[in-house]
Amino acid sequence: MGPMNEPGEIAVALRGSLLSGLPVEEDVGGAFIIDEIDPEQILPSWQAARASVPVTGRWPVMIGPEEVYGDPTPDELADMRRVATSGHPWSVFRPGYGDEPVPEWRLTSSLPSVLGDELVARAMRELPAPVTEAALGRWVYDRMLEDPGLATRAVRILGDFRGTKQWYQPRQVQLALLPTPLQWLAPAWLRYFGAGDPVRWRALAGALYEWERRCGAELVAWWGTMLQFVVSRPPAAGDPAWEVAGQLKAVGGSLQMEQWTLALGVARSDAWFLHDRP
């Protein structure tokens with residue numbers, strides 16, 4: 001059974017919810033738009049539409065005005081679905097630190113302010129020279145797991161990346177009801193700055209597919225340069241959280257936090273925020 005295709009049917013499916021009575025209009029690519037969304041009620045409004053997916057057959061995504069661009073053909077959708085479910089998105093979005101040496105200023109100024117001189121000196125003793133960003137990042141994360149007090153101090157200084165604290169709230173919001181119940185096909189209709197060509201659209205679909213299966217991540221909002229998710233099964237601390245944090249930074253290329261601080265957050269978070277801007 002396909003998605004509902006009549007505005008009246010969709011309005012009836014949403015009756016009695018927070019979206020009841022709001023206008024429903026057809027848009028590009030078979031999507032429908034619900035306007036007049038209260039920007040203060042983004043998550044509750046999305047939750048109301050999410051609850052109706054088994055009835056409407058349409059995945060809801062909060063967007064800005066006129067953000068639906070794609071009009072995929074059945075063959076294009078089939079291709080995206082094939083690549084997303086069998087491909088390797090991390091060959092396109094490459095996660096993790098690079099192998100470049102750690103700059104001197106980080107060793108003498110930035111890291112000591114968070115970790116303390118003694119721990120930075122220990123890292124220099126224990127890690128082979130030249131110390132790379134990849135080796136140092138994982139070494140620091142492991143020390144955070146060993147010392148909850150150190151992790152608490154780092155979070156206090158660098159920021160707590162749990163929950164919806166980082167989410168963007170625009171002044172004007174619409175709700176797109178995509179003509180699929182599969183959230184990971186959203187890149188067929190919506191454009192993210194960090195995925196600017198068909199290869200990356202399909203890779204992004206693959207990332208969404210993997211995060212759904214692995215972490216219960218569900219796409220809530222798509223603001224062009226930002227993506228927001230709720231998460232029902234956060235990765236465990238250690239290797240799982242480290243790996244997911246690297247993936248999030250690979251897709252969210254403008255995220256400024258260290259991978260180890262993000263890993264501390266995602267292991268305890270029910271929401272994610274990604275950002276990739278010009």
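Coordinate-derived values only; no laboratory data. All figures in this text were calculated on a predicted structure; none of them were measured in a lab. Cβ: placed from backbone, ideal geometry, glycine included. Neighbour counts: every protein chain shown.
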Directionally averaged projected area (convex hull, Cα atoms, the range 104-158), nm²: 3.6 nm²
The range 1-149 - convex hull of the alpha-carbon atoms, volume per residue in Å³: 224 Å³
Alpha-carbon Rg with Dmax, taken over the chain, Å: 20.7, 68
Per-selection Kirkwood Rh - the range 95-204 (Cα, Å, 1 d.p.): 17.8 Å
Karplus (6.51, -1.76, 1.60) ³J(HN,Hα), θ = phi - 60°, over the range 25-36, in Hz, Gly and Pro reported as x: 9, 6, 10, 5, x, x, 6, 10, 10, 10, 9, 6
Under 5 Å, built H, 5+ apart or other chain: amide partners of Ala271: Gly163, Val231
Distant-in-sequence amide H partners of Ser254 (H built 1.01 Å from N, under 5 Å): His275, Asp276, Arg277
Table column - 3J(HN,Hα) (Hz), the range 264-271, Karplus curve with 6.51, -1.76, 1.60, x for Gly and Pro: 4, x, 5, 5, 10, 10, 9, 8
Dipole of the chain [Lys/Arg +1, Asp/Glu -1 at C-beta], most positive-end residue of Ala203, Val131, Val244: Val131
Under 5 Å, built H, 5+ apart or other chain: amide partners of Val220: Gln228, Phe229, Val230
Protection proxy ranking of 31-39, 202-210 - average other beta-carbon atoms within 10 Å, highest first: 202-210, 31-39
Of the GluC sites (Glu not before Pro) in the range 41-90, those whose Cβ has at most 11 other Cβ within 10 Å and which sit in DSSP loop: Glu66
